[in-house]
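Visitor: Dropping a structure here in structure tokens format, bear with me for questions.
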Amino acid sequence: MRDPTAAKANPGNGFEDFRLGQIIAHATPRTVTVGDVALYHGLFGPRFAVQSSDAFAGAIGYPRSPVDDLLVFHMVFGMTVPDVSLNAVANLGYADCRFLKPVYPGDTLNATSEVIGLKENSSRKTGIVYVRSRGLNQHGEAVLDYVRWVMVRKRDEAAPAPGERMPELSKVVLPAQLGAACPPLKSGAYDTTLAGSSHRFGDYRAGEKIDHVDGITVEEAEHMIATRLYHNTARVHFNQFSESQGRFGRRLIYGGHVISLARALSFNGLANAFHVSAINGGRHVAPLFAGGTVFAWSEVLETAGVPGRDDIGALRLRTIATRDRPCPDFPANEGDGYDPAVILDLDYWVVMPR
Amino acid sequence: MRDPTAAKANPGNGFEDFRLGQIIAHATPRTVTVGDVALYHGLFGPRFAVQSSDAFAGAIGYPRSPVDDLLVFHMVFGMTVPDVSLNAVANLGYADCRFLKPVYPGDTLNATSEVIGLKENSSRKTGIVYVRSRGLNQHGEAVLDYVRWVMVRKRDEAAPAPGERMPELSKVVLPAQLGAACPPLKSGAYDTTLAGSSHRFGDYRAGEKIDHVDGITVEEAEHMIATRLYHNTARVHFNQFSESQGRFGRRLIYGGHVISLARALSFNGLANAFHVSAINGGRHVAPLFAGGTVFAWSEVLETAGVPGRDDIGALRLRTIATRDRPCPDFPANEGDGYDPAVILDLDYWVVMPR
Amino acid sequence: MRDPTAAKANPGNGFEDFRLGQIIAHATPRTVTVGDVALYHGLFGPRFAVQSSDAFAGAIGYPRSPVDDLLVFHMVFGMTVPDVSLNAVANLGYADCRFLKPVYPGDTLNATSEVIGLKENSSRKTGIVYVRSRGLNQHGEAVLDYVRWVMVRKRDEAAPAPGERMPELSKVVLPAQLGAACPPLKSGAYDTTLAGSSHRFGDYRAGEKIDHVDGITVEEAEHMIATRLYHNTARVHFNQFSESQGRFGRRLIYGGHVISLARALSFNGLANAFHVSAINGGRHVAPLFAGGTVFAWSEVLETAGVPGRDDIGALRLRTIATRDRPCPDFPANEGDGYDPAVILDLDYWVVMPR
């Protein structure tokens, strides 16, 4: 029988608490509503027609506007934080992120993670944990699947490493996997005027670079409202009292906030890229703090057909976000590193109507 | 065939890009939801019973609470920004704004504009563009119709003026046009206690001045969340990096934010003025910046019956909003200009139950 | 016949305007929506599964997720402000607060108050008003009932006291009254993994203290958005222009904001305490201002069965919230007063599954 006075607050997992093959069922399930969608619009301002208008979405073959892909990502991600990354030193990367089914207001999301890799660092103070996380809807159908890896502190430096295995990760999601969350489109009904741009899939070329022009300044209230909305509890985002004594002296903005800002900015140049279908990888190159203004530009890395689909094509994009630096000259790598203004380097697939 | 490498980002229109009679169909259509309504309540705090309670609205003849008139206005306005005012130097005025049908959560709005006037300025660097914009619901019915004029930069100073015509604009919307968006009311069911004031239409007199007493301080996060919610992308509101080098050194708050604040404040004195049915004209006398506290007062300019309606009467109001200045003494014009605290001078019609 | 030029703005009631036994029907009724719920999540980040997931709530016996109890409290409280506490000097206390029926999105709330006690202060400048306030749904059913008392200024110091009576107030709500707003649960279907903790009712003991660990910093935009959402118009929260000249030099955060933050923080240690069923009393020990970081800890004062219910048990909790001070050592009383960091001392009942 359990000690009834056992500590009740969640201390989070240390590196040595993870086991290869361990399956973690995460709390708290979350019904996504039009209220969440409205807040997402208010916080980021995406203007993609499919996610903004039930009438537009309905005309092309969706039952109604689906929930923004990244809002789904953030909510699933948020559920994993208390178990996976409460004691994380750093969020190191993402891979093989695929959106598998559209999510609609009223759907309830929950999440599980499997530990697929572990590697203790040479300092023996931390280790890297690789998890494959999955978001499910109320019917138990997977809506999202992705790998992320984080560096986690050990609770006890003397504890033995819980295993060692580096998972094999795909570098790029294959085009055949890109259409899962996009119903067959009545492409003829896709109104490019209402959508804000006449540029369809065929108008983009690999190597093309697009400056998204606009900049958005971020306030503390905004990123905290967003991150709480996702039930993401990582303390670095919320607790100025402790962060004032920390590495940066201030609250760190959730990296996903930058991804959502970059995606919203990318409307200006990619208005018909209505669906993020996969994320190949991403790197939060530098932190963002409140008061910073985020800019972004994108390069088309690849264009691809989606097997079995003549309604849509896919663009593999690299989107770079910067802090306090417009991007007409496409800042990115510099020497071995990055232009000092770069904060995000994201590699992902979007689909567009043909 | 189009050059596939053509610039993809929207540069906005310069003055010389407009043509008299040109019809512009705007992106992005927008389904209005209870989520948008909740955010509108959180950002402005209007307490009008019809827009707050489905039960109250249902009792007097609406199928449910209609969406706040100004939220509809801001959403339609937001759609017009990328085409009409992205390169605007100044938003000069509004006229003949009429609310034509109620909008309910679930309705989808879209917008078109017709260029009805053009006038190059003597500097030849800018010109004034007059557009009549129309908001439509998913059935193609007009819900809102208004004229606004903006001063727009030319892309090329040497370009010839695209035409010259000053439109005739009505100074005041006629009372016969005021009932369109208000269903026949069961006036007997209008509960003035629940609505917050016993003062009905008959209790107001032309010339009466009302101090709305309260003040609301505005934060950067608030006006940016609001303006993104409307898909209004005007960069002066969002980009502190560029605005720090601009005329004011800081982000400028969307003029419509001040209108919504003044309307919310006006509840204290006009609690039964449940519907803005028309805006005759408005002037953003001075800019508002975050940290400023907005106060407001109103004068009843005129009282009018609405032809064919014995359930409602209309008040023509002049509402003045100020910055950091309470209004017990009704500040307004001063010499040739305004009291230096005045930021908004709005002339509009509201309807009230008789 | 009324003077049509009578002042229209609400001056609020002075102490001498109240009468023993007076019933006040408050404006403005309010339909609660999933939009309000989303904002509440964004502002506080509560992670209780019942209020977050329609699927979870449905599995255990609710028709869908009920609205967070404290959101209901704040909305009803907000309605009472213009009549009860617009001229309040201080919000002195709460007692006998019982949640009587669940509220669901789509329900419309309204509120009434009865004046149950009056006591002029010896200065004759102020008096204490006790009201029993009741929140009702659209069917006229009571959903919430509570007593609060406030110190209110007299408009005219020479006015006679409007009566004198101190009401008898229960110190603690009885366990028999705790189940009203909780439907019979299918306890077997309550999934503690999804809910975030394996600790059920039987795992808690009287005297047990729980540090909720996390801290949340509050921004001006956040508390103003929250308080406007509740239609709470108390000027101290909104008007920096007047508050800059006031006692604190800045806007005061609504005490209910602290209660909601403490409740959200308490998830970490009390994840299955899914329903606040009663508030026995509460004291806002010190004010909170923007920029402060709120921490909290709880003590289990009492554990109790709920008569007639074998699905749930009740914990009587004392939750202490602090400002800029973590709580591993459970700060509370100190000498005759409190640890200087304490801002809230709340005594309430929650129910948990057995």
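Please treat every number below as a calculation from the coordinates, not as lab data. Fair warning: this is a prediction, and the values are worked out from it, not measured in the lab. Neighbour counts run over all protein chains shown; Cβ positions are idealised from the backbone, glycine included.
Visitor: How far is C:Ser170 from the same spot in each other copy, in nm, shortest first, if each label point sits 7 Å from Cα toward Cβ?
Guide: So the distances to the same position in the other copies read 6.1, 6.1 nm.
Visitor: When only C-alpha pairs under 8 Å and at least 6 residues apart count, what is the relative contact order of the stretch B:194-305, in percent?
Guide: This gives 51 percent for the stretch B:194-305.
Visitor: Mind putting a number on the dipole of chain B about its Cα centre? Charges go on the C-beta only, +1 for Lys and Arg and -1 for Asp and Glu, and I need it in Debye to the nearest 20. Show your work: numbers first, answer last.
Guide: On the way: 36 positive and 38 negative charges, 131 e Å.
Dipole magnitude for chain B comes out near 620 debye.
Visitor: Related question: The stretch B:246-268 to the stretch B:327-354: how many Å between their Cα centroids?
Guide: 14
Visitor: Pop the C-beta distance of C:Glu302 and A:Ser198 into the FRET formula with R0 = 56 Å and round what comes out to the nearest 0.05.
Guide: Result of the calculation: an efficiency of 0.25.
Visitor: Hey, another quick one. Just to be sure I understand: if I project the alpha-carbon convex hull of the stretch A:52-130 onto a plane and average over all orientations, what area do I get in nm²?
Guide: About 6.7 nm², averaged over all directions.
Visitor: Along the Cα-to-C-beta direction of C:Glu164, a point sits 7 Å from the Cα; which residues of the stretch C:96-127 have their amide N less than 11 Å from that point?
Guide: Zone members listed by number: C:119-122.
Visitor: Once all Cα-Cα distances of the stretch B:217-260 are split into 10 Å bins that start at 0, what whole-number percent is in each one?
Guide: All Cα pairs considered, the percentages come to 30, 57, 13.
Visitor: To the nearest whole number, what is the average tally of beta carbon atoms from other chains within 10 Å of the beta carbons of peptide C:49-57?
Guide: 6
Visitor: Please grab the % of Cα pairs in the stretch A:206-339 that end up more than 20 Å from each other.
Guide: The share of Cα pairs beyond 20 Å in the stretch A:206-339 comes to 52 percent.
Visitor: Given DSSP loops and a limit of at most 13 other Cβ atoms within 10 Å, what is the longest stretch of chain C that contains no such GluC sites (Glu not before Pro)?
Guide: Working: sites that count: C:Glu141, C:Glu157, C:Glu164, C:Glu168.
With a cap of 13 other Cβ atoms within 10 Å, the longest stretch comes to C:169-354.
Visitor: To check my understanding: the extent here is largest minus smallest coordinate of the Cα atoms along each principal axis. What are those three numbers for the stretch B:283-354, in Å, largest first?
Guide: Its Cα atoms span 44, 27, 21 Å along the three principal axes.
Visitor: Among A:His275, A:His139, A:His41, which one moves the most in a GNM of chain A with springs linking Cα atoms closer than 10 Å?
Guide: Maximum fluctuation in the GNM of chain A, among the listed residues, is at A:His139.
Visitor: I need to check one value: relative contact order of chain C, counting alpha carbon pairs closer than 8 Å and at least 6 residues apart, in percent.
Guide: 20
Visitor: Given H placed 1.01 Å from N in the peptide plane, which residues other than close sequence neighbours of A:Val306 have an amide H under 5 Å from its amide H?
Guide: Those lying under 5 Å, H to H, from A:Val306 are A:Ala314.
Visitor: Roughly how tilted is helix C:34-44, in degrees to the nearest 10 and between 0 and 90, from the longest Cα axis of chain C?
Guide: Helix C:34-44 sits at roughly 90 degrees to that axis.
Visitor: Run through the other copies and list how far each one's label point is from that of C:Phe330, in nm with one decimal, shortest first; the point sits 7 Å from Cα along Cα-Cβ.
Guide: Computed spacing set for this position: 6.3, 6.3 nm.
Visitor: Excluding residues fewer than 8 places away in the same chain, name every one of the aspartates and glutamates whose C-alpha is closer than 17 Å to that of B:Lys119.
Guide: B:Glu16, B:Asp17, B:Asp156, B:Glu157, B:Glu164, B:Glu168
Visitor: If you don't mind, another one. Take the alpha-carbon centre of the stretch A:157-236, take the same for the stretch C:115-168, and report the distance between them in whole Å.
Guide: Taking the Cα centre of the stretch C:115-168 as reference, the centre of the stretch A:157-236 is 55 Å away.
Visitor: Still on this structure, please answer the following. With respect to the cross-link table entries A:Lys186/B:Lys154; A:Lys186/B:Lys8; B:Lys101/B:Lys154; C:Lys101/C:Lys125; A:Lys125/C:Lys209, which display a Cα-Cα separation exceeding 28 Å?
Guide: With Cα atoms farther than 28 Å apart: A:Lys186/B:Lys154; B:Lys101/B:Lys154; C:Lys101/C:Lys125; A:Lys125/C:Lys209.
Visitor: Quick one: grab the alpha carbon gyration tensor of the stretch C:107-177, order the square roots of its eigenvalues as a ≥ b ≥ c, and give me rounded if a/c is under 1.5, else prolate or oblate depending on whether a/b is larger than b/c.
Guide: Cα axes put the stretch C:107-177 in the oblate bin.
Visitor: Looking at A:His223, A:Cys182, A:Thr193, which one has the Cα that reaches farthest to the positive end of the dipole of the stretch A:138-275 (charges on Cβ: Lys, Arg +1; Asp, Glu -1)?
Guide: Result: A:His223.
Visitor: Summing -39500 (n - 2.57) over the DSSP H runs of n ≥ 4 in chain A and dividing by its residue number, what mean residue ellipticity at 222 nm do you reach, to the nearest 500 deg cm²/dmol? Could you put the intermediate results ahead of the total?
Guide: Values: 9 runs with 71 residues, N = 354.
Roughly -5500 deg cm²/dmol at 222 nm, from the helical runs in chain A.
Visitor: Kirkwood Rh over Cα pairs of the protein assembly as shown into Stokes-Einstein at 37 °C, 0.692 mPa s: D in µm²/s?
Guide: My calculation gives 109 µm²/s for D.
Visitor: Taking a cut-off of 16 Å, what percent of all Cα-Cα pairs in the stretch C:39-98 are separated by more than that?
Guide: 59
Visitor: For B:Asp191 paired with A:Asp191, estimate the spin-label separation in nm (one decimal), with each label point 7 Å from Cα along the Cα-to-Cβ line.
Guide: Reported label-point gap for B:Asp191 and A:Asp191 is 4.1 nm.
Visitor: Please work out how much length the chain gains when fully extended from C:Arg19 to C:Leu92, using 0.36 nm per residue of separation minus the C-alpha to C-alpha distance, in nm with one decimal.
Guide: Roughly 24.4 nm would be gained on extension.
Visitor: Count neighbours as other Cβ atoms within 10 Å of each site's Cβ, and list the trypsin sites (Lys or Arg not before Pro) in the stretch A:198-295 that are DSSP loop with at most 16 such neighbours.
Guide: A:Arg205, A:Arg247, A:Arg250
Visitor: Over all directions, the average projected area of the alpha-carbon convex hull for chain A comes to how many nm²?
Guide: 19.2
Visitor: What is the fewest-to-most order of C:Ile23, B:Ile253 by other Cβ atoms lying within 10 Å of their Cβ?
Guide: By the 10 Å Cβ count, ascending, the order reads C:Ile23, B:Ile253.
Visitor: Over 10 Å intervals from 0, what percent of Cα-Cα pairs in the stretch C:1-101 sits in each interval?
Guide: The distribution over the stretch C:1-101 is 11, 32, 29, 17, 9, 2, given as percents.
Visitor: Measuring from a point 7 Å out along Cα→Cβ, what nm distances, shortest first, does A:Ala90 have to its partners in the other copies?
Guide: Copy-to-copy label distances for A:Ala90: 5.2, 5.2 nm.
Visitor: Out of residues 5 or more away from B:Val89 or on other chains, whose amide H comes under 5 Å of its own, with H placed 1.01 Å from N in the peptide plane?
Guide: Answer set, sorted by chain and number: B:Met151, B:Val152, B:Arg153.
Visitor: While we're on this one: Pairing the Cα long axis of helix C:255-265 with the longest principal axis of chain C, what angle in degrees results, from 0 to 90 and rounded to the nearest 10?
Guide: Helix C:255-265 sits at roughly 10 degrees to that axis.
Visitor: List the trypsin sites (Lys or Arg not before Pro) within the stretch A:1-106 that DSSP assigns to loop and that have no more than 12 neighbouring Cβ atoms inside 10 Å. Walk me through the intermediate numbers first.
Guide: On the way: sites: A:Arg2, A:Lys8, A:Arg19, A:Arg30, A:Arg47, A:Arg64, A:Arg98; in loops: A:Arg2, A:Lys8, A:Arg19, A:Arg47, A:Arg64.
Those that pass, being in a loop and sparsely packed, are A:Arg2, A:Arg19.
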